[in-house]
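Below is one structure, written out as structure tokens; the observations come after it.
The values are calculated or read from the model by the stated rules, or taken from the named source; none is laboratory data. Computed from a predicted model, the values in this text were never measured in an experiment. Neighbour counts run over all protein chains shown; Cβ positions are idealised from the backbone, glycine included.
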Amino acid sequence: MTLIKSISGIRGTIGAEAGNNLTPIDIVKFTTAYARFISEKNSNKKLRIVIGRDARISGEMVNDIIEGTLIGCGVDVINVGLCTTPGTEMAVITYKADGGIIITASHNPKQWNALKLLNEKGEFLNDEEGKKVLALADDDNYQFPDVDHLGKVISRDDFNDTHISQVLALPLVDVEAVRARKFKVVVDAVNSVGGIVIPKLLRELGCEVVELNCEPTGNFAHNPEPLPQNLTEISEVITKECADLGVVVDPDVDRLAFVNEDGTMFVEEYTLVAVADYILSQRVGNTVSNLSSSRALRDVTQSYGGTYHASAVGEVNVVAKMKECGAIIGGEGNGGVIYPELHYGRDALVGVALFLTYLAKKNMTMTTLRATYPAYYASKNKIELTPSINVDKILLKIKARYATENVNDIDGVKIDFAESWVHLRKSNTEPIIRIYTEAKSTAEAEVLAQKFISEISEICTL
């Protein structure tokens, strides 16, 4: 069906023909290229690379191929097994490894899987590094080591408990304050690795946990992207159980969404806003989110006297901007919280712990806390790409049409109007154009989105 090679890693559908899907041949090819890249970067020393995976049906197969290929490349492997994306990142840091491979296609449906590539800091490769790996994948001039220089598996130890302990040890995570509130929480982990770690984290925080779709089978109970239309089941369970809130994560647990005590959405965009509100109430500093994220983070940041900065979409871009401006909290509006005091990666575990600490200290219900934030409403749409659609041409024409407005083109085209904005960009992970809008009401956001969908359709017919 498709194979996407990008800054977000090597992502594709399982099966069918090599070169156009994520087949065993492609897995070997890109794993070898990554091993070569890490080896050249480290002057050909003996390497150690961490492997972790979510619970996708294809995960074990992909894991075994990657592990064997790394050993065949002379690399020693630390395999943390079923592990979240942030957990695998933390394992690279904790074990002082030379890199890591996360086997997950994040929010994509079950037929997808991916290789997400990390550096020695447990952070995603940047654009230049990613291009180097892709170039090496097309270079067949490589000699594999002989039998006396093969790698080996150093360990196959679970890392999830260590990750939880590292989160709970953070100074701004007040375990006792959360335990005192005795929250009742419903968890929807969409039948992936979140079903292992999130309930355990919550129980360590003294919460009563109601598990929903927490068995890590890889057969996702619903569309795995944590959007409102996919979360009707948890809303019903929350009201039935009289729970204080719901926690929803995607398959690799780097995105986090909350559901209110009345079954309504806290809204994924406001996950980062609320966590930032707490951090900024305790520390003076700046924040970062990507261009597709809500203005609410800017408003909250400015209310504390900090400066808000926007980055291009993509975790690696957010992290680079955070380092550049010394941000103390940042992330993405899709529910990705990046807290540098722990590590530079989107981490739902740290998001849950910090959020519950704030909710406990504020002594509020979810709906009351949500009402304290600026009211913005987003509309997220997409247009499927076909070979005839020239995305660059479309974006240039849109940019020219709105040249008198506040236009940012570091990543697609974002147009900031007085009371709303629209961001148009080609996805890094799917063959689509994303059309994100935000306004003072849902209706206004949707009208703005449809306006630009019509304009794109018009340009395509010219």
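Anything in region 1-32 that is surrounded by fewer than 22 Cβ atoms within 10 Å (Cβ to Cβ) and among the hydrophobic types (A, V, I, L, M, F, W, C)? List them, or say none. Listed by number, the residues that qualify are Met1, Leu3, Ile4, Ile7, Ile14, Ala16, Ala18, Ile25, Val28.
Per-residue answers, yes or no, for (1) over 15 Å from the mean Cα position of the chain (by Cα); (2) charged (D, E, K, R):
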{"site": "Lys323", "(1), (2)": "yes, yes"}
{"site": "Gly336", "(1), (2)": "no, no"}
{"site": "Tyr339", "(1), (2)": "no, no"}
{"site": "Ala360", "(1), (2)": "yes, no"}
{"site": "Thr367", "(1), (2)": "yes, no"}
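One residue stands out among those in region 29-69 that are over 22 Å from the mean Cα position of the chain (by Cα) and part of a loop (DSSP other than H, G, I, E, B): the one that is nearest to Thr84 (Cα to Cα), which is Leu47. Taking first residues from region 112-129 that are among the hydrophobic types (A, V, I, L, M, F, W, C) and partners that are crowded, with 23+ Cβ neighbours inside 10 Å and part of a loop (DSSP other than H, G, I, E, B), the Cβ contacts under 7 Å between residues at least 6 apart in sequence or on separate chains come to Trp112/Ala105; Ala114/Thr104; Ala114/Ala105. Would you call Ile459 more than 25 Å from the chain's Cα centre (by Cα), surrounded by fewer than 22 Cβ atoms within 10 Å (Cβ to Cβ) and not charged (D, E, K, R)? For Ile459, the condition - more than 25 Å from the chain's Cα centre (by Cα), surrounded by fewer than 22 Cβ atoms within 10 Å (Cβ to Cβ) and not charged (D, E, K, R) - is met.
Note on region 151-215: enclosed helices (runs of 4 or more DSSP H) holding 3 or more residues that are in contact with a strand residue (DSSP E or B) (Cβ under 6 Å, 6 or more places away or on another chain) and under 22 Å from Asp244 (Cα atoms) are 194-204. The set of residues from region 370-403 being of a type in the set (A, V, I, L, M, F, W, C) and in contact with a Phe, Trp or Tyr (Cβ under 8 Å, 6 or more places away or on another chain) comprises Ala378, Ile398.
Just one of (1) in contact (Cβ under 8 Å) with a residue 60 or more places away in the chain; (2) assigned by TED's automatic domain parsing to the domain that holds Thr307; (3) out of contact with any helix residue (DSSP H, G or I) (no Cβ under 8 Å at 6 or more places or on another chain) fails for Ala348. It is (3).
Would you be able to say whether some residue in region 87-99 is on the phi < 0 side of the Ramachandran plot, within 17 Å of the chain's Cα centre (by Cα) and polar (S, T, N, Q)? Yes, the conditions are met somewhere in region 87-99.
Only a single criterion out of (1) more than 22 Å from the chain's Cα centre (by Cα); (2) within 23 Å of Tyr339 (Cα to Cα); (3) not β-branched (Val, Ile, Thr) is not satisfied by Asp250, namely (1).
Annotation note: of Asn390, Asn406, Asn381, the sole residue that is under 24 Å from the mean Cα position of the chain (by Cα), among the polar types (S, T, N, Q) and outside the structural domain of Asn290 (by TED's automatic domain parsing) is Asn381.
Inspect region 139-157 for any residue being surrounded by 13 or more Cβ atoms within 10 Å (Cβ to Cβ) and closer than 29 Å to Arg283 by Cβ and give the result as yes or no. No, region 139-157 contains no residue that is surrounded by 13 or more Cβ atoms within 10 Å (Cβ to Cβ) and closer than 29 Å to Arg283 by Cβ.
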